[in-house]
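The values are calculated or read from the model by the stated rules, or taken from the named source; none is laboratory data. What you are looking at is a predicted structure, and each value in this text was computed from that prediction instead of being measured. Cβ placement follows ideal geometry from the backbone for every residue including glycine, while neighbour counts extend to all protein chains displayed. For the accessible areas, the whole protein counts, side chains as well, though only heavy atoms, and no ligand, DNA or RNA atoms are used. Shrake-Rupley method; radii C 1.70, N 1.55, O 1.52, S 1.80 Å.
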Amino acid sequence: MPTSLTATGPEAPGRATALPIHPPHRLLMGPGPINADPRVLRAMSAGLVGQYDPAMTDYMAETQRLYRGVFRTANEATLLVDGTSRAGIEAVLVSLLEPGDRVLVPVFGRFGHLLAEIAARTGAEVHTIEREWGTVFGADEIEAALDAVRPKVLAMVQGDTSTTMCQPLAELGALCADRGVLLYSDVTASLGGNEFVMDDWGLDAASAGLQKCLGGPSGSAPISLSDAAVDVIQARRHIEAGIRERDDEEHGTRIASNYFDLGMILDYWGPRRLNHHTEATSMLYAARECARLLVDESLPGAVARHALHGRAMTEGLVALGLRLFGDQSHRMHNVIAVHIPEGVNGDAVRSGLLHDFAIEIGTSFGPLHGRVWRVGVMGYNARHDTVLLTLAALEQVLRAAGTNPTPGAGVGAAKEVYAQ
């Protein structure tokens, strides 16, 4: 089917110049995005309603309740930021940090560098500690850095897909609370597929996205904020002229971004429903359905599912002769990195998978670009059939690339995991 523009001459006013969207079929087994759950896509096709329609505000309240279950929190300030997962990160950091504040960012992959950059753009004084990619920090390392830097906020990634590592967070809340530090984590890549218990671990802020273990499309960023984090935001509360009322007082340094001002977004999602933006209705439907499906499955059940299929994929990759990258005791359940074999063109293998089998896997960034492949098993794609199909296809492409995997070894190893 042709996909180019239909008009060959000057465009006629009012005349269609492009064919309808007809994307090719793909099985997305990379580090994200993944294929959205069909139930999420169906939810997105529901009709639009006005942003203050009682049905809409009910959906908003339901979405907040469902995400409290996903984040495992009682935080009232649990809501969506309209935008990709990076929108959630930026909203949290720009709303918690003001010029001159100290922030500590432990970096063990690409997305720690991202947190540091966004924090720097707020005018904060950014301090980083770094770990070799493929490893994580010990609580003692972070404790020593907290004492040396004395930050307002400790900001770190839980699961960094660039390295596939999952940073332990359970001990950090108490370390931060003892020092009056707010603890924020980006859980975009890990939430729903790895253990995360916001309240029990003492986090003050967390943000995510839909396009990984939550099983949806990119475009909505669930966040949750503790009372302590809300207090910091409310101490900088300013309301736009035009909607401000006489008794609305302004406080502190204005949050630098209008769109990502969590003070105003909290008013929009709160009882006042004070206008800030027009909610992205179809994305709210998607986010709500992602959370509904996870809560229905149960978070422990979803984590166990990701662990099972991730283990099956891992064993299958090893059986194909591939060497695992990184500290496997701290790898996320949902993404596996393997070294590209010596003499094999990594991009050619990825291209062969895509064009011959319609399966996508990823490479990585920075020091790992061209050195590893990253295979994702997450969200709707964390299934028995997707794992076996990917391993069977990869075996054929590896053989064509000049390696000599044992016939059926990858699928066989994965089936042994399932048989257990």
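Here are the numbers for this structure:
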| quantity | calculated |
| --- | --- |
| Listed residues R292, R131, R246, most fluctuating in the chain (Gaussian network, C-alpha, under 10 Å) | R246 |
| Spatial separation of Cα centroids for the stretch 169-236 and the stretch 348-420, in angstrom | 32 Å |
| For M165, residues with placed amide H under 5 Å, excluding near neighbours | D160, M332 |
| For the chain, the longest site-free run once GluC sites (Glu not before Pro) in DSSP loop states with at most 13 other Cβ atoms within 10 Å are removed | 12-131 |
| On Cα atoms only, tilt of 110-121 relative to the major axis of the chain in degrees | 20 degrees |
| Cα-based convex hull, the stretch 176-304, per residue volume (Å³, whole number) | 128 Å³ |
| Difference of contour (0.36 nm per residue) and Cα-Cα distance, D231 to T17 | 71.8 nm |
| Calculated log₁₀ intensity ratio I(q)/I(0) where the Debye formula runs over C-alpha points of the chain, q = 0.08, 0.09 Å⁻¹ | -0.48, -0.60 |
| Rounded FRET efficiency, nearest 0.05, which uses the C-beta distance separating R65 from Q328 and R0 of 35 Å | 0.45 |
| Extension gain, E125 back to E141 (0.36 nm per residue minus Cα-Cα distance, nm) | 3.8 nm |
| Mean accessible surface per residue for the stretch 133-271, computed with a 1.4 Å probe while every protein chain stays in place, in Å² | 34 Å² |
| Efficiency of FRET between H384 and H339 - r from beta-carbon atoms, R0 41 angstrom, step 0.05 | 0.95 |
| Helix 409-419 axis, angle to the chain major axis (alpha carbon atoms, nearest 10°) | 60 degrees |
| Three-way shape call for the stretch 154-213 based on the alpha-carbon gyration tensor, with the a/c threshold at 1.5 | prolate |
| Top of G270, G316, G112 by mean-square fluctuation, Gaussian network on the chain, Cα under 10 Å | G270 |
| Farthest positive-ward along the chain dipole, Cα basis, beta-carbon charges - from A189, F108, I89 | A189 |
| Top of D58, D204, D101 by mean-square fluctuation, Gaussian network on the chain, Cα under 10 Å | D58 |
| Nearest-0.05 FRET efficiency for V318 and R42, computed from C-beta distance (R0 22 Å) | 0.05 |
| Label-point separation in nm, E76 to D347, each point 7 Å along Cα→Cβ | 5.4 nm |
| For the stretch 327-341, 3J(HN,Hα) per residue [Karplus equation, 6.51 cos²θ - 1.76 cosθ + 1.60, θ = phi - 60°, Hz, x = Gly/Pro] | 6, 5, 6, 10, 8, 4, 5, 9, 9, 10, 10, 10, 5, 6, x |
| Note, ³J(HN,Hα) from phi for the stretch 204-218, Karplus 6.51, -1.76, 1.60, rounded to Hz, x at Gly and Pro | 9, 7, 8, 9, 8, x, 8, 7, 10, 5, 6, x, x, x, 5 |
| Difference of contour (0.36 nm per residue) and Cα-Cα distance, D356 to E297 | 17.8 nm |
| Rounded to 10°, Cα long-axis angle of helix 54-71 versus longest principal axis of the chain | 60 degrees |
| Net dipole in debye of the chain [+1 Lys, Arg Cβ; -1 Asp, Glu Cβ; about Cα centre; nearest 20] | 1200 debye |
| Net charge contributed by nearby residues that have their C-beta within less than 12 Å of Y259 (K/R +1, D/E -1) | -4 |
| Among beta bridges that DSSP assigns inside the chain, antiparallel share in %, nearest 5 | 50 percent |
| Local net charge near G69, Cβ-Cβ under 13 Å (Lys/Arg +1, Asp/Glu -1) | +1 |
